[in-house]
Amino acid sequence: MILVSGEALIDLIPVADEDGRYDAVRGGSPYNVAIGLARLGAPTAFVSRISADANGEGLATALAADGVDLSLAERDKRPTTLAFVMRGTAKTGSRYSFYLDATSFDGAWPFPASWPAKARHLHVGSISAVDPRHGERVVDALARAKGALTTSFDPNIRPLVTPDRAGVVALVERQVALASIAKASDEDLEWLYPGRPIEETLKLWSKFGPRFCVATLGGRGAFAYIDGERLSVAPAKVAVVDTVGAGDSFMSALLAAMDRDGALGAGAPEPNRERLAAWLAFAAAASAFTCTRKGSDPPTREEMAALGFA
């Protein structure tokens, strides 16, 4: 089982050509990753706090409908967290403004005292990993997972809620050092280290301890560093409808491909260049597919098979 920890919220997405009207869409980066993993056939559990209000019921119902285990999720009486989405382009991505205080996000994160027997991997990231309310608890969870689980981290930086750059950089680097896999977008890395080439940062991160590090570049594909070597993947060519959730789909597909190949878990063999190339190609295809639909709507295993991925 893959454990995914982080926020579940409602994205308020502006309706094109209609001033002042928004579509309410279920989201949150870790929530999207959990959905994406389950749709690709990877047994997944969500470690989070979900509101008991109507929006929270919808979030929980959708997770369960895709087969995500909710036994490690806590229900909270406070309202569901909201995110207002400002649409971007295929190059820039979307921007988000969050309502976090006095919502289900606001409180200690419910990591289990001991890892479930079936758990083999822990994924953490997004605002729930870098916000002061949760950052240290995420560090503790990654440290406790050492030797018991493989782990992955995606900072998924949201500048409007992470203004303390120096503090966030220090926290992110601690989390990268504890993770088996570190993934970040070009926008994440440019915000964390203004003026520093993305490749230089990824090289540095790869020396902190992860088995490999990945940078996603939107419409320019992605690249990784493994054992000091650079590995690139070209973008899939699609007609872009929406970029919301594309990075989350990349993350979930990468982990699902690794899970399928027995590459997750404490006893998993070290990844090599050839296997990583295949995992990245799968992740890039899934991310591109997500861009062909409105909102974060990651592909199923059957849809990926139709694209030629067994």
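The values are calculated or read from the model by the stated rules, or taken from the named source; none is laboratory data. Predicted, not measured: the structure shown is a model, and the values here were computed from it. Heads up, the Cβs are rebuilt from the backbone with ideal geometry, glycines too, and the neighbour counts pull from every protein chain shown.
Among the candidates GLY27, GLY56, the residue that is crowded, with 18+ Cβ neighbours inside 10 Å, in contact (Cβ under 8 Å) with a residue 12 or more places away in the chain and more than 30 Å from ALA148 (Cα to Cα) is uniquely GLY56. Taking the stated definitions as given, is ALA256 in contact with a helix residue (DSSP H, G or I) (Cβ under 9 Å, 6 or more places away or on another chain), under 19 Å from ARG301 (Cβ atoms) and of a type in the set (A, V, I, L, M)? Here the answer is yes, as ALA256 does meet what is asked.
Of everything in the range 136-178, what is surrounded by 21 or more Cβ atoms within 10 Å (Cβ to Cβ), out of contact with any strand residue (DSSP E or B) (no Cβ under 6 Å at 6 or more places or on another chain) and touching a residue at least 40 places away in the same chain (Cβ under 8 Å)? Give them in sequence order. If the condition is that a residue be surrounded by 21 or more Cβ atoms within 10 Å (Cβ to Cβ), out of contact with any strand residue (DSSP E or B) (no Cβ under 6 Å at 6 or more places or on another chain) and touching a residue at least 40 places away in the same chain (Cβ under 8 Å), then ALA141, LEU171, VAL172 are the ones that fit. When the range 211-221 is limited to residues that are free of Cβ contacts under 8 Å to residues at least 40 places away in the same chain and not aliphatic (A, V, I, L, M), the one that is farthest from PRO235 (Cα to Cα) turns out to be CYS213.
Within the range 56-79, identify whether any single residue is outside any loop (DSSP other than H, G, I, E, B), within 26 Å of TRP191 (Cα to Cα) and in contact with a helix residue (DSSP H, G or I) (Cβ under 9 Å, 6 or more places away or on another chain), and answer yes or no. No, because not a single residue in the range 56-79 is outside any loop (DSSP other than H, G, I, E, B), within 26 Å of TRP191 (Cα to Cα) and in contact with a helix residue (DSSP H, G or I) (Cβ under 9 Å, 6 or more places away or on another chain). When PHE212 is tested against (1) crowded, with 16+ Cβ neighbours inside 10 Å; (2) modelled with pLDDT under 95; (3) of a type outside the set (Lys, Arg); (4) touching a Pro at 6+ places or on another chain (Cβ under 9 Å), exactly one condition is not met: (2).
All of (1) of a type outside the set (Val, Ile, Thr); (2) under 22 Å from ILE157 (Cβ atoms); (3) surrounded by fewer than 16 Cβ atoms within 10 Å (Cβ to Cβ) hold for ARG75 with one exception: (2). Pairs meeting the criteria (first residue in the range 297-310 and in contact (Cβ under 8 Å) with a residue 40 or more places away in the chain, second residue hydroxyl-bearing (Ser, Thr, Tyr) and not in a loop (DSSP other than H, G, I, E, B), beta carbons under 6 Å, at least 6 apart or on different chains) are PRO298/SER249; PRO298/THR290.
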